Amino acid sequence: MEKVFLAGVRIKERRQGRESGLEELRRLADTSGGTAVGESVFRIDRPNSVFYIGKGQVEFLTQQAADAGAVTVIFDINLKPGQQRNLEKALSMKVIDRTRLILDIFARSAHTQDGRDQVELAQCQYLLPRLAGMWTHLERQQGGIGMRGPGEREIETDRRRIEKRISLLKKHLGDIKKRRGIQRSRRLKLNIPVIALCGYTNSGKTTLLNTLTKSNAVAKDRLFQTLQPMTRRARIFDRDVLFVDTVGFINDIPPQLINAFHSTLEEIEPASVVLVVLDGADPDIEMHRKVVDDTLKQLAFDKIPRLYALNKCDKIYKDCQEGRFKSASPGEPEAQSRGIEISALQKVGIERLKSGIYDLINK
Ligand SMILES: Nc1nc2c(ncn2[C@@H]2O[C@H](COP(=O)(O)OP(=O)(O)OP(=O)(O)O)[C@@H](O)[C@H]2O)c(=O)[nH]1
Ligand SMILES: [Mg+2]
């Protein structure tokens, strides 16, 4: 396990409401195989062009990370290539930013050829502007966080080869897009309503898909477990429907990933209903809701009727049984705005959720 030091950065004036802690960064670091040996949060007025954080803060961080025995510093913000390089020089350590960390996790989760191609495209696009001087001042390392996955062999090659690789991958992804398009139009001909499960990563989308369709897709307590969409047929009362599980969203989702995963996200397009799955027990639920709403808007899926499920309610209510939740019924305004409380794992609130879906597809 690689010893990592976590560095959170908060811009003072952007602070609104609850300031999120480093829990998410800790989970991301953990998922990518790092062991956090220390952490610090740096508050700044505005990003500095040289190091992002202030010079004095860099000195403090250098000391802290070295004392903790870290070999890598992971930031929860995105760094410009120059800032990243300057920080690596100043710290004499590998510096990973948020995008690189997330790309690394995606590389670990990519088990299919399509998934690997999509991640590699994102990695190549991330690397291209960072080629100059990359790792040259550090001992070249084998493996480790941010060095993993299909893109790693490309690091030492020149820009031209990466550019060639990008165009080849884009061609592959074009083929995937076509193939998916054909599959979708075939499904569309069946005239069965599609319900897309969307949400923040780890909110329980796959678990809910399994519960709704009696499937056994892999659901794990791990960020970005699901990369590829999965469609399963089920019945809601007297109607056949198709549920599609999708890749999870995250705050500050790297644009390279949205780009590379476009063909995957297109599976949401034919949906009659977007079922947003939120982790109802997460203190950051409102941030998650906003990220999901904003991402759906960015992808132009905001016109599709939406239903919110507040999942993991068994974590909130001790005595969790069907009908015991305090939530309003799906027809009531409060439930529509906040969401229908469910537990995908304990199979609670599922009938009420189905009624909500049923009402929307019959509209
Ligand atoms: N307590 C509790 N845990 C749940 C519930 N639903 C899901 N989980 C757990 O939450 C974790 C993530 O569940 P997944 O279904 O894999 O979540 P996901 O949204 O598909 O996550 P990604 O595919 O990684 O984006 C797993 O450990 C599940 O067992 C629930 O209703 N209650
Ligand atoms: Mg999943």
Debye calc, one equal point scatterer per Cα of the range 200-245, no solvent, log10 I(q)/I(0) at q = 0.24 1/Å comes to -0.82
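Could you grab the relative contact order for the range 190-361? Cα pairs under 8 Å, six or more apart, rounded to a whole percent.
That works out to 23 percent.
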Derived scalar couplings ³J(HN,Hα) [the range 196-211; Karplus, 6.51 cos²θ - 1.76 cosθ + 1.60; whole Hz; x for Gly, Pro]:
8, 8, 10, x, 4, 4, 6, 7, x, 4, 5, 4, 5, 4, 4, 5
With a 1.4 Å probe and every protein chain left in place, tell me how much accessible area residue 93 has, in Å² to the nearest 10.
20 Å²
Heavy-atom accessible area per residue - the chain, 1.4 Å, Å²:
47 Å²
What residues qualify as long-range amide H neighbours of residue 43, i.e. H under 5 Å apart, gap of 5 or more or another chain, H built at 1.01 Å from N?
10
Average Cα contact separation per residue, the chain, under 8 Å, 6 or more apart, as relative contact order %:
13 percent
With no solvent and one equal point scatterer placed on each C-alpha of the chain, evaluate the Debye formula and give log10 I(q)/I(0) for q = 0.11 Å⁻¹, two decimals.
-0.80
So how much slack lies between residue 3 and residue 19, counting 0.36 nm per residue of separation and subtracting their Cα-Cα distance, in nm?
3.2 nm
At 7 Å along Cα-to-Cβ for each site, give me the label-to-label distance between residue 269 and residue 49 in nm.
4.1 nm
Please list, in chain and number order, the residues 5+ apart from residue 94 or on another chain whose amide H is under 5 Å from its amide H, with Hs placed from the backbone.
73
Find how much the distance from residue 262 to residue 290 grows on full extension, using 0.36 nm per residue of separation minus their present alpha carbon separation; answer in nm with one decimal.
8.1 nm
Selection from 34, 87, 131, by position along the positive dipole direction of the chain (Cβ)
131
Zone reached by a paramagnetic label modelled 7 Å from residue 190 Cα along Cα→Cβ, restricted to the range 240-272 with backbone N below 13 Å, covers 240-245
A correct Karplus calculation of ³J(HN,Hα) over the range 168-184, with 6.51 cos²θ - 1.76 cosθ + 1.60, θ = phi - 60°, whole Hz and x for Gly and Pro, returns 5, 5, 4, 5, 4, 5, x, 5, 4, 4, 4, 4, 5, x, 5, 4, 5
Nearest-0.05 FRET efficiency for residue 252 and residue 66 at R0 = 30 Å, using Cβ-Cβ distance, is 0.60
At a 1.4 Å probe radius, carbon and sulfur cover how many percent of the accessible area of the chain?
48 percent
When the scattering of the range 190-361 is computed by the Debye formula from its Cα atoms alone, each counted once and equally, what is log10 I(q)/I(0) at q = 0.12, 0.14, 0.17, 0.18 Å⁻¹?
-0.48, -0.67, -1.03, -1.17
Out of the DSSP beta bridges found with both residues in the chain, what percent are antiparallel (nearest 5)?
20 percent
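The values are calculated or read from the model by the stated rules, or taken from the named source; none is laboratory data. Computed from a predicted structure; not experimentally measured. Here Cβ is always computed from backbone atoms with ideal geometry, including for glycine, and neighbour counts include all displayed protein chains. We work out accessible area using only protein heavy atoms, side chains counted, and drop any ligands, DNA or RNA first. Shrake-Rupley method; radii C 1.70, N 1.55, O 1.52, S 1.80 Å.
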